[in-house]
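The values are calculated or read from the model by the stated rules, or taken from the named source; none is laboratory data. Source: prediction; values computed, not measured. So basically every Cβ, Gly included, is an ideal-geometry build from the backbone, and we count neighbours across all protein chains shown.
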Amino acid sequence: METIFNNEQYDFHPDAGNSYSVGWKVLKASFVELLVISIVYMFLSGPIGTIQWQLESFEWYAVPLVLFGITYGVFVGGPIQYGASWVFLKAVRGERIEVRDIFAVFQRNYWNAVIANVVVGIIIGMGFVMLIVPGIIFACRLAFVPYLVVDREMDVMDALRVSWDMTKGYGGQIFLMGLLIVPVVILGLICLGVGVVVSVMWISAAFAVIYHAVAKKDGIPELQYPPR
C-alpha cells in the first residue's frame, strides 16, 4: 500500500489520552482528505436522519418513508459507516486514502458488514436494557468489529470473537474514550458549531488509533476452531 507519511513518528500506546493526542496529529496530517470523506459520509447518512425526524412526528403517511429509512440504514448506512472507519484506519497507518475507499466495503466484505452492524447494535441495545452497565461493556468490547470486518475481511462471528479478545484489558481505556466524546463535541460547538465536524473527525481518528495501537502491541489474535 502507498504510504503518504511515516506514522512511525507517533507513539502508538493504547490508552485514551494518547489515542486522542495521536488522532489529532493524524487528523492534521490528512485533514483535507478526511474532511472530504466525512462530508461524503454525512451526506450519505442523510436519509437516516430523516427517519429519526419522522419517528418523532409519526403519521400514517410516513410509513413508506420510515420503511425506506430502516432499509437504507441497514443496507447502505451501516456499511458506509464501516467504510468510513476503515478510511480513518488507513490514515492512521499513513496510507494513501481516496474518496472511493469509503465504498470499498461493498466489494471487500459487504454482507458481513451489514450483518455485523445489525448484530452489534442488537447486542449493545439488549445490554442497555439489562441495567445499562452490560451495554457499556458490550460497546467497549465490540468497538473493533468495524475494522476487523473491513480491514481483515472477517466474517461476523470471527470479528465479534477477535474484538472481544483484543479489547481484553483495554475496556477501561475505551470507556474513557467514550466519555471524552462529550467535551470534544462541546469544544466543537463552542467553535460556532462548525467545529462539530472536526470534533467527529477527531473522535473517529482517535478510535482508529487505539485499534491500531492494540493490534501493533498485541497483534491480531489467531482464530482457533474446534476439530470437526
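Listed by first and then second residue, the pairs with beta-carbon distance under 9 Å, at least 6 apart or on different chains, first residue in the stretch 177-189 and touching a residue at least 24 places away in the same chain (Cβ under 8 Å) and under 18 Å from Val22 (Cβ atoms), second in a helix (DSSP H, G or I) and of a type in the set (S, T, N, Q), are Met177/Ser19; Val184/Ser199.
Using the structure shown, decide if Gly83 is exposed (fewer than 14 other Cβ atoms within 10 Å of the Cβ) and under 26 Å from His13 (Cα atoms). Reasoning before the result, please.
Details: exposed (fewer than 14 other Cβ atoms within 10 Å of the Cβ): no; under 26 Å from His13 (Cα atoms): yes.
Taking the combined requirement at face value, the residue does not satisfy it.
Checked against (1) surrounded by fewer than 16 Cβ atoms within 10 Å (Cβ to Cβ); (2) of a type in the set (A, V, I, L, M, F, W, C); (3) at pLDDT 95 or above; (4) farther than 26 Å from Ile70 by Cα, Leu187 meets all criteria but (3). Screening the candidates Ala143, Ala113 for the property of being among the hydrophobic types (A, V, I, L, M, F, W, C), in a loop (DSSP other than H, G, I, E, B), crowded, with 22+ Cβ neighbours inside 10 Å and out of contact with any Asp or Glu (no Cβ under 8 Å at 6 or more places or on another chain) yields one hit, Ala143. Whether a residue is within 27 Å of Val156 (Cα to Cα), at pLDDT below 95 and either surrounded by fewer than 16 Cβ atoms within 10 Å (Cβ to Cβ) or in contact with a strand residue (DSSP E or B) (Cβ under 6 Å, 6 or more places away or on another chain) (or both) was assessed, and Thr71 passes this test.
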